[in-house]
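So the structure is just underneath, and the comments pick up after that.
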Amino acid sequence: MTLSPQAPTVISAIVPAYNEGQGLAIAIKTIAETLETSGSSWEIIVVDDGSNDQTFQQVDLLSTHDHRIKGVALSRNFGKEAAMLAGLEHATGEAVIIIDADLQHPPALIPDMIEQWRLGAQIVHAVKRDRKEDSFGQRASAYVINHLISSLGGINIKNSSDFKLLDREIVDIIVHQLPERERFFRGLTSWLGFSEHYLYFDVASRQGDESKWSFMSLLELAITALTSFTSLPLRIITFLGFATLILGFFVIADTLISLMYGQAVSGFATIIICLLLIGSFIMISLGIIGEYIAKIYEEVKNRPHYLIKARIGVDAKKRH
Ligand code: UDP
Ligand code: MG
């Protein structure tokens with residue numbers, strides 16, 4: 001571990017924003033005020049993830065009043081993971097904080113995060129204490145997704161959020177040494193190791209309209225999370241294969257014994273059931289394998305994670 005600087009020069013805040021025009025100005029102002037109290041210089045980089053509302057115009061307006069507020073606009077909606085990466089690649093600070101644009105991640109926690117970083121933590125995770133605001137469905141899906149990944153992938157992301165502070169060293173590792181296309185930021189930061197610290201916060205209600213995640217995008221995230229951290233589903237298929245093989249031996253033995261005792265082998269229904277069961281096992285297995293192949297295909301295509309169509313206040317050459 002490297003020693004964290006005592007007097008940091010710049011702290012960057014990255015704010016991914018997708019159609020957040022409504023509440024963005026308030027959120028940015030609140031974040032800016034909190035950063036102001038930290039006693040360091042700061043910058044806020046809003047990454048407009050292909051919004052089709054006033055989000056980027058808002059950033060433009062804010063930056064004319066304060067040049068420390070910067071913006072990057074992606075050419076279309078690439079998803080939050082890509083938006084966060086774009087922010088990380090453009091951030092110049094010694095510490096980088098990633099925070100949502102809807103004030104659900106309380107900026108009030110920022111001073112504590114900076115404090116922990118100054119004390120030596122290289123990753124400060126902000127962990128959700130409660131998800132009271134979310135509907136039962138949202139909570140249930142978050143629970144299932146987090147538990148699945150935690151138990152299968154062997155990394156702890158229970159109740160974790162993307163609200164984190166990363167030391168410059170960690171940011172450089174994420175940007176330069178983790179070239180994978182499909183990213184699951186929460187999992188990656190746990191996987192890295194290094195000195196971590198956990199802070200807890202209550203999820204506030206959303207400023208502005210409803211959540212930007214659809215059920216499909218959550219499912220997408222869960223599949224990405226699973227396939228990028230574990231190949232256990234593939235192993236389960238193999239076990240399943242052996243289980244049906246053993247079952248098959250029992251049925252053969254049973255049939256032979258019946259024949260020896262001169263009983264006709266009946267069981268048209270059994271055949272249909274076996275066919276259906278094994279058929280569906282095979283199809284599910286193919287689907288699982290397909291998911292992994294699809295991920296490999298995505299990686300091999302090696303396309304950029306995002307494309308930028310406009311910048312405010314950030315250096316174009318900064319793109320690595
Ligand atoms: N977001 C994004 N791209 C997307 C979806 C969301 O940049 O495709 C941003 C969004 O603007 C917000 C953050 O990610 O700042 C979290 O999104 P949201 O509040 O909709 O999700 P939740 O709070 O339910 O996790
Ligand atoms: Mg939110």
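A short reminder: the numbers here are calculations on the coordinates, not readings from a lab. Because the structure is predicted, anything quoted here is derived from the model rather than measured. Neighbour counts run over all protein chains shown; Cβ positions are idealised from the backbone, glycine included.
A straight Cα-to-Cα reach below 12 Å connects LYS128 with the aspartates and glutamates ASP162, ASP202, residues fewer than 8 places away in its own chain not being considered. Peptides 70-76, 169-175 ranked from most to least packed by the mean count of surrounding Cβ atoms within 10 Å: 70-76, 169-175. Ranked by how many other Cβ atoms sit within 10 Å of their own Cβ, fewest first, the residues LYS164, LYS309, LYS301, LYS295 fall in the order LYS301, LYS309, LYS295, LYS164. Taking amide hydrogens as placed 1.01 Å from N in the peptide plane, the amide H of ALA310 sits under 5 Å from those of ALA73, each at least 5 positions away in sequence or on another chain.
By the Kirkwood approach, averaging reciprocal distances over each pair of separate Cα atoms, the range 215-270 gets a hydrodynamic radius of 14.8 Å.
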